1. If Leu93 meets every condition in (1) closer than 23 Å to Val418 by Cβ; (2) surrounded by fewer than 21 Cβ atoms within 10 Å (Cβ to Cβ) apart from one, which number is that one?
2. Sort out which residues of the range 211-242 are under 17 Å from Val362 (Cα atoms) and within 20 Å of the chain's Cα centre (by Cα), and write them in order of number.
3. Taking interchain pairs and intrachain pairs at least six residues apart, which have beta carbon atoms under 9 angstrom, with the first residue in the range 199-225 and touching a residue at least 24 places away in the same chain (Cβ under 8 Å) and the second assigned to a loop (DSSP other than H, G, I, E, B) and basic (Lys, Arg)?
4. Hey, can you tell me all the residues within the range 63-90 that are of a type in the set (Lys, Arg) and surrounded by fewer than 24 Cβ atoms within 10 Å (Cβ to Cβ)?
5. Look through the range 244-282, keep the residues that are acidic (Asp, Glu) and more than 15 Å from the chain's Cα centre (by Cα), and return whichever of them is surrounded by the fewest Cβ atoms within 10 Å (Cβ to Cβ).
6. Taking interchain pairs and intrachain pairs at least six residues apart, which have beta carbon atoms under 8 angstrom, with the first residue in the range 288-310 and among the hydrophobic types (A, V, I, L, M, F, W, C) and the second modelled with pLDDT under 95?
7. Do you know which residues across the range 178-215 are of a type in the set (A, V, I, L, M), farther than 18 Å from Leu292 by Cα and at pLDDT 95 or above?
8. Got a sec? Which helices (runs of 4 or more DSSP H) wholly within the range 126-192 have at least 1 residues that are over 15 Å from His63 (Cβ atoms) and among the hydroxyl-bearing types (Ser, Thr, Tyr)?
Amino acid sequence: MSGDLLIKNVMMALPRGIVEGDLRIIRGIIRTIAPNGGIEPFLDEIVIDGTGLHLLPGAIDPHVHFRDPGHPEKEDLESGSRAAASGGITSFLDMPNTVPNAINRISLEQKISLASKKAVTHHGFFIGATTNNVADLRSVEGMQGVCGIKIFMGSSTGDLLVHEQKHLEDIFANTGGIIATHAEDEDRLQSRIPQFGHRKDIAAHAECRDVECALIATKRASALAKDHDHRLHIVHLTSGAEADWLSLNKGDLITTEVCTQHLTFDQDDVENLGVRALMNPPIRYTDDRDTLWKRLKDGTIDCIVTDHAPHTLEAKSVGYPIAPAGMPGVETSLPMMLTHAMDGKCSVTDVVNWMCVGPARVYGMKNKGSLIEGYDGDLTLVDLETRRVINDSDTWTTVGWTPYAGRELTGWPMYTIVDGVVVHRREAGGALRGIPMALPGSAGRALSFE
């Protein structure tokens with residue numbers, strides 16, 4: 001796999017706008033971008049004719065749960081990265097609530113080693129905060145492949161939880177880098193769960209884990225970041241109230257993200273999808289979705305993620321409230337957002353800024369997220385002219401389902417390219433699932449963060 005590639009006659013999503021032309025990658029690096037084309041192929045160079053396609057930077061998903069190690073029946077780094085590649089994602093950041101939890105240097109070294117043998121995309125990992133592991137958090141600062149610290153301020157999947165003020169103060173005061181927080185207030189959450197114990201309807205989920213639960217934690221985390229001059233990233237924003245508050249109070253230390261599903265679904269979809277739409281924090285209401293779009297467009301929200309958190313349909317089948325929270329998303333997030341763009345909700349350039357440029361900027365990923373000469377050759381060529389309906393059987397995730405089943409989407413990646421190497425492709429009119437082109441561990445590497 002040489003990483004030498006020429007793409008011709010393609011609509012390129014460059015920083016200055018979308019223009020037709022050619023792009024050449026040499027040894028995994030973008031060497032030449034030629035608006036209006038005209039690049040002549042080298043002898044034996046792989047050439048892709050991009051006529052009718054759009055060339056985007058490879059998407060970056062900075063919030064996934066690939067369940068490795070611990071739950072291969074749900075996902076592992078091979079299946080997760082394969083699914084990501086099929087969706088045009090060339091880099092992912094994986095969360096620490098695995099089995100065992102990734103809470104020290106040894107466990108992170110093991111995950112990075114696993115990824116080197118299994119993944120087909122670039123990869124980075126969070127270290128999980130506990131009530132007593134500040135020394136471990138500090139020990140991995142600057143370590144290749146480690147993107148930041150994850151704090152679960154409210155209970156979710158797994159047993160990582162830090163919610164008492166003294167422990168939060170200790171972490172914010174004595175660590176560096178970026179802290180990513182799952183912002184739900186544990187005290188309010190635990191006080192409300194018994195009030196909803198009699199409810200079996202899934203609408204109770206958003207009522208129980210309410211907006212105030214999220215807003216209290218978001219304000220608390222923001223205050224800690226400002227008190228200790230610490231970078232903070234608030235993950236999976238779900239409510240209009242949080243987004244509006246952050247629009248006035250973010251400052252330079254705080255960034256945030258939103259999930260594709262929170263931009264797409266509302267209470268009616270939750271009712272129709274049932275436990276397939278069950279996640280923490282919940283999918284909320286139409287007004288929340290509309291405000292999230294507003295704050296994404298005005299720059300309050302920095303990037304789009306999936307919170308890809310697969311569970312088997314068998315586990316989900318027990319129904320609410322026992323069913324586990326979480327859904328797969330890496331292979332549908334880019335097509336879903338590009339469908340929004342083609343439907344007039346935003347532009348293709350917006351999607352690039354939110355799914356490529358934004359994550360790279362938030363986490364300090366050098367030479368990622370843009371089509372610029374000298375940047376890494378991580379790309380996806382998407383078809384914006386064809387719409388196809390996705391079904392559960394079209395997915396690569398181990399759990400074999402998608403909350404978007406039955407939806408007609410466009411923007412399907414025809415080629416996904418990592419360091420100049422094609423790792424996944426689709427054929428026009430062929431199976432929507434596509435064709436894997438790279439062996440496990442043969443493409444991608446541990447990311448570095450500035």
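1. All conditions pass for Leu93, except number (2).
2. Arg231, Leu232, His233, Ile234, Val235, His236, Leu237
3. As it stands, the answer is His205/Arg199; Ala206/Arg284; Val211/Arg284; Ser222/Lys250, since those pairs meet every condition given.
4. Of the range 63-90, the ones of a type in the set (Lys, Arg) are 67, 74, 82.
Lys74, the sole residue that qualifies.
5. In the first step, residues of the range 244-282 are kept if they are acidic (Asp, Glu); the result is 244, 252, 257, 266, 268-269, 271.
Adding the requirement that they be more than 15 Å from the chain's Cα centre (by Cα) leaves 244, 252, 266, 268-269, 271.
Numbers: Asp244: 15, Asp252: 6, Asp266: 17, Asp268: 10, Asp269: 16, Glu271: 12.
Here the answer is Asp252.
6. Ala309/Thr157
7. Taking the range 178-215 and keeping what is of a type in the set (A, V, I, L, M), we get 178-180, 183, 189, 193, 202-204, 206, 211, 214-215.
Then keep just the ones that are farther than 18 Å from Leu292 by Cα; that gives 178-180, 189, 193, 202-204.
Ile178, Ile179, Ala180, Ile202, Ala203, Ala204, listed by residue number.
8. The helices (runs of 4 or more DSSP H) meeting that bar are 134-139, 186-192.
The values are calculated or read from the model by the stated rules, or taken from the named source; none is laboratory data. Please read all numbers here as calculations on a predicted model, not as lab measurements. Don't worry about glycine lacking a Cβ; one is built from the backbone with ideal geometry, like all the others, and counts go over all protein chains shown.
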